[in-house]
Amino acid sequence: MELFPSPLPSIVAVMVSVSVEGPYSYRVPHGMKVYRGSIVAVPLVGRLTLGVVWGEPIDNTAHNRLKDIERVFDVPPLSEELLKTVDWVSRYTLAPPGAVLRSVLRSAEALEPEKPLVGFRATGLPLAKVTASRQKVLDCLKDGAPWAKAALVGATGVSPAVIEGLEKAGAVARVELPPQPIVSPPDPDAKALRFSEEQQAALTGLRALDPKDYGVALLDGVTGAGKTAVFFEAVADTLRAGRQALVLLPEIALTSTFLARFTERFGTRPAEWHSDMTTVQRGRMWRGVLEGSVRAVVGARSALFLPFRELGLIVLDEEHDTAYKQSEGVNYHARDMAVVRARFAEARVILSSATPSVESRNNANLGRYSHIRLTSRFAEAVMPDIKAIDMREDGPEKGEWISPPLAREIFATLDRGEQALLFLNRRGYAPLTLCKSCGHQYQCPNCTAWLVEHRFRGVLMCHHCGHEQRTPKACTECGTDDSLVPVGPGIERVAEEATKRFPGARTVVLSSDMGSQQQLRQRFEEVERGEHDLIIGTQLVAKGHHFEKLTLVGVLDADLGLDKGDPRAAERTFQILTQVTGRAGRATRAGRALLQTYHPTHPVMEALVNGDREAFYRQELSAREAGGLPPFGRLAALIVSANEHDPAYDFAKRILSAAPMAEGLKLFGPADAPIAMIRGRHRVRLLAQSPKEFDLSGYVRFWLKQAPQPRADLRVQVDIDPQSFL
């Protein structure tokens, strides 16, 4: 596609970046040139709104009532493949195209020209008085090159007033400096990596996909197999081919190790895209991607909508991770939409995981994706030995959570100077607080969920809406002092027990609510350096980390994910337990993992203990096929919410009564959601199930057009391919 295709007529369709169902017609003022993909500002309901020229006008009538485009921004038009992606995502998810476009136009600051930096250079003119401070500045400038003001202050230690005084005296002159590049271009040949024979074979498999054409590969390798090094070479091939690369990570804010490895391989840090960036950083990065100066990006799922012009590769690391599913606003799954965008861009996709999603594994089985396997760990490392502890026979004492067999292994591990990890995927101190005098249980006022005690912070907190209240000294129901007791463990309670049982161990707690992202990065780096002996963590520690001294992993409640009534419960439990046990023994020392479970004969536990992941996938695929569940069938959820329960339930029944008949389609509900109220809104669910080949998105769209329209406080949310059933 040409960078600037032919200008469009004097009336054009503009898609505005608000939640609208289609573009509006606008006039193009005389002398203004716009193209399909041009980013513009247009008047809408009394204010200027960002939009994108979509093409020919929708309606050529009533030209005299049309408004003019106010401004076209001096940036290249968005690529054709990105515009097609926006349309496709909108049709598939039933989100308004304007809402999807808002995911693209995330940075209004990027559309304005970047202000040049203020710098100074020496003029050579003599000074009547030269102080020590002034001499420091002149010494910095003696080679004739201009310096930015902030850099001069930092290098010399003088105050800005000294530089301003030199300017007034004529000894230095103010100059404009071009903005510094966001990041240096990555060098695909900066460092050659050493590969095992299996890694080399995997790389050959990836290279069988044409770097200038569409193709999808599932890079399916055990934990510690060196998948990252392999897909880095695919990134290098993409850069050599003159195209841009995008690597998506599920936990972008906690990836210091990944960024360090990228820097080592390519000689520079990648451009980053995530929520921790400042507005200025986001603006500069967005524009750099659009103009092509940024060649490689590492980002969270929203980076999928960055305005690449020459996109050649998308990598999804930990492709199975639920963080790739967006559950608010536009309900899209980044894994699936990455495949869609790559098809339009004629780019490659690499889905990398030690525990591939059942959907991706099925696509590989059917030959839709190239299936590339890594079955052994890199170098001398071997897979950990995994055992189950039957809690019915070897459970801990009352009030404790670490079983005797696990405690013995921890003592032995610490005695050898090695690290141990205790894993419990539950934040806080206890999931429920109750009064032992009157039985009152503390529940969120806005959600049907218990308040979780966070003892480190002294609060009771809802993990669904964020509501917090100070932990009371006396029961707020009966007034009895010191009557509140915690029920069940969170990782803070486990840490309390561990400190008592292993008093000599240096213990650290790793959870997303235990500090800022920067503080968490620092804790991870300390663990990597061996400064902590006993790590206690949630799913934050389960993926992507390489702790050389860590040889023992203890999973305190391996059954935790199996009691959710979720069709994906077994898959997710298998994935998280495989990932967390895979942290053990990643270097030269042998690793062990112990699973505390009340169901040692469950297929998930048996697959883990026997090291037979293929048995798990066979059983799970067979069960899904028998039930017509994804990937053999399709699901769509409709969630009706309101401020009161009855209006939500009654409206859900009215929607159901309007559902058209369709062969093979099953409708379930209405039923209260498992979490029936969130943020004060009552939630009622409908579920549609269809065969794989059925156009479920089209059906739901037609269904909702026939159904009554919500009024007052009623809201209907559509989730195609739901990942959560809460």
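Scanning segment 70-79 for residues being surrounded by fewer than 17 Cβ atoms within 10 Å (Cβ to Cβ) and either touching a helix residue (DSSP H, G or I) at 6+ places or on another chain (Cβ under 7 Å) or closer than 16 Å to Arg243 by Cα (or both) gives a total of 1.
Before we move on, is Lys325 closer than 27 Å to His602 by Cβ and touching a Leu at 6+ places or on another chain (Cβ under 8 Å)?
Criteria not met by Lys325.
Look at segment 408-435: where a residue is assigned to a helix (DSSP H, G or I) and a partner is among the aromatic types (Phe, Trp, Tyr) and at pLDDT 90 or above, sitting 6+ places away or on another chain with Cβ atoms under 9 Å, you get Ile410/Phe502; Phe411/Phe502; Leu414/Phe502.
The set of residues from segment 107-166 being under 22 Å from Arg284 (Cβ atoms), surrounded by fewer than 19 Cβ atoms within 10 Å (Cβ to Cβ) and either touching a Cys at 6+ places or on another chain (Cβ under 7 Å) or among the acidic types (Asp, Glu) (or both) comprises Glu109, Glu112, Glu114. Before we move on, is Cys447 touching a strand residue (DSSP E or B) at 6+ places or on another chain (Cβ under 6 Å) and hydrophobic (A, V, I, L, M, F, W, C)? In short, yes. The criterion of at least 2 residues that are within 34 Å of the chain's Cα centre (by Cα) and not assigned by TED's automatic domain parsing to the domain that holds Gly312 is met by the following strands (runs of 3 or more DSSP E) wholly inside segment 10-100: 11-16, 39-44, 47-55. Tell me, please, whether a residue that is within 24 Å of Thr279 (Cα to Cα), at pLDDT below 90 and not charged (D, E, K, R) can be found in segment 66-83. No, every residue in segment 66-83 fails to be within 24 Å of Thr279 (Cα to Cα), at pLDDT below 90 and not charged (D, E, K, R). With respect to (1) surrounded by fewer than 19 Cβ atoms within 10 Å (Cβ to Cβ); (2) more than 26 Å from His320 (Cβ to Cβ); (3) β-branched (Val, Ile, Thr), the lone exception for Ile675 is condition (2).
Somewhere in segment 627-648, is a residue over 29 Å from the mean Cα position of the chain (by Cα) and under 30 Å from Ala388 (Cβ atoms)? Among the residues of segment 627-648, at least one is over 29 Å from the mean Cα position of the chain (by Cα) and under 30 Å from Ala388 (Cβ atoms), which makes the answer yes. When you look at Val100, is it at pLDDT below 85 and among the β-branched types (Val, Ile, Thr), yes or no? Criteria not met by Val100. A single member of Thr448, Thr476, Thr480 is closer than 24 Å to Ile675 by Cβ, more than 32 Å from the chain's Cα centre (by Cα) and surrounded by fewer than 19 Cβ atoms within 10 Å (Cβ to Cβ), and it is Thr476. The lone criterion from (1) under 30 Å from Ile678 (Cβ atoms); (2) surrounded by fewer than 14 Cβ atoms within 10 Å (Cβ to Cβ); (3) assigned by TED's automatic domain parsing to the domain that holds Glu548; (4) among the small types (Gly, Ala, Ser) left unmet by Gly458 is number (3). Looking across segment 263-280, the residues that are of a type outside the set (Gly, Ala, Ser) and without any contact (Cβ under 8 Å) to a residue 40 or more places away in the chain come down to Thr263, Glu272, Trp273, His274, Met277, Thr278. The single condition among (1) of a type outside the set (D, E, K, R); (2) within 33 Å of the chain's Cα centre (by Cα); (3) in a loop (DSSP other than H, G, I, E, B) that Ala615 does not meet is (3). Considering segment 483-513, and only residues there that are among the aliphatic types (A, V, I, L, M) and surrounded by fewer than 18 Cβ atoms within 10 Å (Cβ to Cβ), the residue that is nearest to Val541 (Cα to Cα) turns out to be Val487. For segment 575-591, filtered to residues that are part of a loop (DSSP other than H, G, I, E, B), buried (at least 20 other Cβ atoms within 10 Å of the Cβ) and out of contact with any Pro (no Cβ under 8 Å at 6 or more places or on another chain), the residue that is modelled with the highest pLDDT is Arg583. Filtering segment 296-316 to residues that are more than 19 Å from the chain's Cα centre (by Cα) and surrounded by fewer than 24 Cβ atoms within 10 Å (Cβ to Cβ) leaves Arg309, Glu310. Against the criterion of being surrounded by fewer than 23 Cβ atoms within 10 Å (Cβ to Cβ), on the phi < 0 side of the Ramachandran plot, modelled with pLDDT under 95 and in a strand (DSSP E or B), Arg392 does not qualify. Would you mind stating whether Leu704 is within 24 Å of Phe632 (Cβ to Cβ) and surrounded by 14 or more Cβ atoms within 10 Å (Cβ to Cβ)? Spelling it out, it is not the case that Leu704 is within 24 Å of Phe632 (Cβ to Cβ) and surrounded by 14 or more Cβ atoms within 10 Å (Cβ to Cβ).
Taken as a whole, segment 474-481 holds at least one residue that is farther than 17 Å from Gln443 by Cβ, of a type in the set (Ser, Thr, Tyr) and not assigned by TED's automatic domain parsing to the domain that holds Ile402.
Considering only residues in segment 245-294 that are within 23 Å of Ala234 (Cβ to Cβ), assigned to a loop (DSSP other than H, G, I, E, B) and of a type in the set (Val, Ile, Thr), the one that is farthest from the chain's Cα centre (by Cα) turns out to be Thr268.
Examine segment 464-476 for a residue that is farther than 30 Å from Glu251 by Cα, of a type in the set (Gly, Ala, Ser) and part of a strand (DSSP E or B), and state whether such a residue exists. Looking for residues that are farther than 30 Å from Glu251 by Cα, of a type in the set (Gly, Ala, Ser) and part of a strand (DSSP E or B), one finds at least one in segment 464-476, hence yes. Scanning segment 203-231 for residues that are at pLDDT 90 or above and within 18 Å of His320 (Cβ to Cβ) gives Val216, Ala217, Leu218, Leu219, Asp220, Lys227, Thr228, Val230, Phe231.
Among the residues making up segment 106-158, those that are in a strand (DSSP E or B) and in contact (Cβ under 8 Å) with a residue 40 or more places away in the chain are Leu117, Val118, Gly119, Phe120, Arg121, Ala122. Taking the criterion of being free of Cβ contacts under 8 Å to residues at least 60 places away in the same chain and outside any helix (DSSP H, G or I), the only residue of segment 618-637 that qualifies is Gly633. Of everything in segment 400-443 that is exposed (fewer than 15 other Cβ atoms within 10 Å of the Cβ) and not assigned by TED's automatic domain parsing to the domain that holds Gly582, the residue that is farthest from Arg592 (Cα to Cα) is Cys438. Can you confirm whether segment 219-236 contains a residue that is touching a His at 6+ places or on another chain (Cβ under 7 Å), over 14 Å from Phe266 (Cα atoms) and in contact (Cβ under 8 Å) with a residue 12 or more places away in the chain? Checked against the condition, which is being touching a His at 6+ places or on another chain (Cβ under 7 Å), over 14 Å from Phe266 (Cα atoms) and in contact (Cβ under 8 Å) with a residue 12 or more places away in the chain, segment 219-236 yields at least one hit.
The values are calculated or read from the model by the stated rules, or taken from the named source; none is laboratory data. Bear in mind that the values here come from a model prediction, so they are computed numbers and not experimental data. Every residue, glycine as well, gets a Cβ built from its backbone with ideal geometry; the counts of neighbours run over all protein chains shown.
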